[in-house]
Amino acid sequence: QARLERHWVAHYDPRRSQDVREQMSLESDLHEALERGELSLYFQPVLDLCREQIVGVEALARWFHPTRGAVSPGVFIPLAEERGLIRALDRMVLEEALRTAVTLPGWVAVNLSAQSFLDPGLPKFVWDCLDRFGVEPWRLVLEITERVLALPAKAQPVLKELQALGVQVAVDDFGTGYSSLSYLREFNLNYLKVDQAFTGRIGASQKDEAVLEGILILAAGLGLRVIAEGVEKPIQLRWLKEAGGELAQGYHIARPMGTEALHQLLENWQPS
Ligand code: C2E
Ligand code: CA
Ligand code: CA
Ligand code: CA
């Protein structure tokens, strides 16, 4: 009897079955949200530290669920990746971001999951969107992680075709992956986005500052521009300026926001 009970408990933990049911209902809601176009985009400005101008924005997916409220991308992006919905999501984000780009100066960065580089129709889709909205290719920046760049360039036909369109490429979360740095000379890249894990420790850790200085030197030598992410404090901004950092993004500069707020911010922007 005791053994049976243990067995039952191990296999029918009510908390766990609750989780599975919850996952499944979130998944079907995400499916519907994608079909009905219920996801939206926020945009976070990127500041040129020297000119003190907003030179670009990063598009970030948002899901405002009618009853759950705001669902975090940290929840629904991994779910979309697990359940085979991420390619559709990435395409939707690309299309919306390029539609918005028409109303903005500068460039728009879009996050692409590793799985989107297995989508052979993606380059044509991107080209059609650029063409339909009349956006010059350089104004689209694709943010990709080191995971994608871990494969050799010739094993990346989708990335190669995308780059042949003239769009730019940024390495997202630079320095947090497992990969070696050999991809830096193999691929034609435009930006390194330094993760907030480093930026956040400016003023608190000399080691992290040394890593940042090293990244700035590395990038300069390779002709890459550095975007420091997660700038939350004035001291971090000052440090970056003095260290020769070119671009920065973070709550201290501006939070991600809807298009209306973004247009207002751009209109009223004054170099400090
Ligand atoms: P990420 O690409 O590294 O994006 C930066 C994240 O940091 C965003 O979180 C942004 O809101 C947040 N952030 C910006 N400034 C600051 C700051 O000063 N301090 C702190 N603590 N955080 C800051 P978010 O919007 O929650 O997105 C989380 C992740 O979800 C993104 O990380 C990205 O990996 C993924 N994601 C978001 N939108 C998309 C999308 O459209 N497609 C794909 N494939 N992934 C997306
Ligand atoms: Ca990103
Ligand atoms: Ca990032
Ligand atoms: Ca990240």
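Descriptive notes on the structure:
- The criterion of at least 3 residues that are polar (S, T, N, Q) is met, among helices (runs of 4 or more DSSP H) falling completely within region 170-272, by 259-268.
- Number of residues in region 209-237 that are among the acidic types (Asp, Glu) and either within 22 Å of the chain's Cα centre (by Cα) or within 16 Å of ligand 2 (Cβ to nearest atom) (or both) equals 2.
- Filtered by the rule that a residue be basic (Lys, Arg) and at pLDDT 95 or above, region 25-72 gives Arg51, Arg62.
- Residues satisfying the criterion are absent from region 81-91 (criterion: surrounded by fewer than 11 Cβ atoms within 10 Å (Cβ to Cβ), basic (Lys, Arg) and modelled with pLDDT under 95).
- Selected residue (criterion: surrounded by the fewest Cβ atoms within 10 Å (Cβ to Cβ)) from residues of region 97-115 that are away from ligand 2 (no atom under 16 Å from the Cβ) and within 14 Å of Ser40 (Cα to Cα): Arg99
- Condition met for Glu161 (more than 12 Å from ligand 1 (Cβ to nearest atom), modelled with pLDDT of 95 or more, surrounded by fewer than 19 Cβ atoms within 10 Å (Cβ to Cβ) and of a type outside the set (Ser, Thr, Tyr)): yes
- Flag if Glu209 is surrounded by 14 or more Cβ atoms within 10 Å (Cβ to Cβ) and not hydrophobic (A, V, I, L, M, F, W, C): yes
The values are calculated or read from the model by the stated rules, or taken from the named source; none is laboratory data. These figures come from a predicted structure and were not determined experimentally. Every residue, glycine as well, gets a Cβ built from its backbone with ideal geometry; the counts of neighbours run over all protein chains shown.
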